[in-house]
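Presented below is the structure to which this report refers.
The values are calculated or read from the model by the stated rules, or taken from the named source; none is laboratory data. The structure displayed is predicted, hence computed values, not measured ones. Here the Cβ is made from the backbone with ideal geometry for all residues, glycine too, and neighbour counts use every protein chain on show.
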Amino acid sequence: MLTRKNKLILLKLLSLFSVVRGYNILIIVLAQYLTSIFILAPDVRMRDVILDPNLFVIVLASAGVIAAGYIINNFYDREKDLINRPQKTMLDRLVSQQTKLTGYFILNFLSVVLASYVSFRAVLFFSLYIFAIWFYSHKLKKYPIVGNTVASILAITPFFAVFIYYKNFDEVIFVHATFLFLMLMIREMVKDLENLKGDMAQNYKTIPVVYGELSSKKIISILILTSGVPVYLLLTRYEIGYMYLYFYGCLTLLFVFLIALWISKQKIHYVWLHNILKLIIAIGAFSIILIDVNMILDRILW
């Protein structure tokens, strides 16, 4: 039997995991490795990529900065989240604000120290990344379009870290990144619809607050149609192996999403739409392995 003290410790650990969105970080870490193996360094042995100490440090530093970013975002959004996500917010509040801020500074400091193992450029990169996340959380997220765009850019920045490390400038990488960026933009805008009540109460000038839900839906629809361009290019111009199955699935889900978007009126509807987008992004991370599925065993044995 767990004592009351042990239960409280477990709840606080669960709260901390919730604050830093541990599940999201795990997916990003996996996606960074899969991207490195199958897209950025396809000619390097899988074992050499996985055991590369520099890549490990970059991924670890990225995870630390992202976790710190979630903490500072939680700090600034505590009042808004109490309206939009009362149950999650009550769990998050088991960890004090002072503890969160301490964790924020420690994680950022350790990430920069880790980056110094790779190079001074890595230190500069992660330092700028840390500042950009803070500036977004403190100022930019309250403004329409700018906040959505910056949030999406920050979300794909960890992949640019490994992209810069491998110095792979193949055109297909930018097409993949464009599709991911558009999915993240759509997700950010759906979150604005989902959080409309809290945003209005805290004077966040998001697109639904300033221009209305109809304008937001129109912009999301345009972004969905635009996402068809990189999907078309990936399916017709580049060798993506069996990952074509993922993109055909995406087109189907996005078609369903578009119809559901225009009939959605309540928060619960937008929550479901948000979950569809998270599913598309999460499955996309795992489906990278389909690019070279026929050679996986051979590369492991190299």
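Pairs please, first residue from region 208-222 and within 15 Å of Ile263 (Cβ to Cβ) and at pLDDT 90 or above, second anywhere and surrounded by 18 or more Cβ atoms within 10 Å (Cβ to Cβ) and among the β-branched types (Val, Ile, Thr), Cβ atoms under 7 Å, 6+ apart in sequence or on different chains.
Once the first residue is within 15 Å of Ile263 (Cβ to Cβ) and at pLDDT 90 or above and sits in region 208-222, its partners that are surrounded by 18 or more Cβ atoms within 10 Å (Cβ to Cβ) and among the β-branched types (Val, Ile, Thr) give Ser216/Ile207; Ile220/Ile186; Ile220/Val190.
Of all residues in region 151-186 being modelled with pLDDT under 90 and of a type in the set (Val, Ile, Thr), which is farthest from the chain's Cα centre (by Cα)?
The qualifying residue farthest from the chain's Cα centre (by Cα) is Val172.
Among the hydroxyl-bearing types (Ser, Thr, Tyr), more than 27 Å from Leu82 (Cβ to Cβ) and at pLDDT below 95: does that describe Thr226?
Spelling it out, it is not the case that Thr226 is among the hydroxyl-bearing types (Ser, Thr, Tyr), more than 27 Å from Leu82 (Cβ to Cβ) and at pLDDT below 95.
Which members of region 256-271 meet the condition of being in a helix (DSSP H, G or I) and over 22 Å from the mean Cα position of the chain (by Cα)?
Val256, Ile259, Ala260, Trp262, Ile263
Within the group Leu225, Leu184, which residue is out of contact with any Leu (no Cβ under 6 Å at 6 or more places or on another chain) and either surrounded by fewer than 16 Cβ atoms within 10 Å (Cβ to Cβ) or more than 29 Å from His138 (Cβ to Cβ) (or both)?
Leu225
Output yes when any residue across region 119-141 is buried (at least 18 other Cβ atoms within 10 Å of the Cβ), touching a residue at least 60 places away in the same chain (Cβ under 8 Å) and either over 21 Å from the mean Cα position of the chain (by Cα) or not in a helix (DSSP H, G or I) (or both), and no when none is.
Looking through region 119-141, none of the residues is buried (at least 18 other Cβ atoms within 10 Å of the Cβ), touching a residue at least 60 places away in the same chain (Cβ under 8 Å) and either over 21 Å from the mean Cα position of the chain (by Cα) or not in a helix (DSSP H, G or I) (or both).
Charged (D, E, K, R), within 21 Å of the chain's Cα centre (by Cα), modelled with pLDDT of 80 or more and assigned to a helix (DSSP H, G or I): is that true of Lys80 in this structure?
No.
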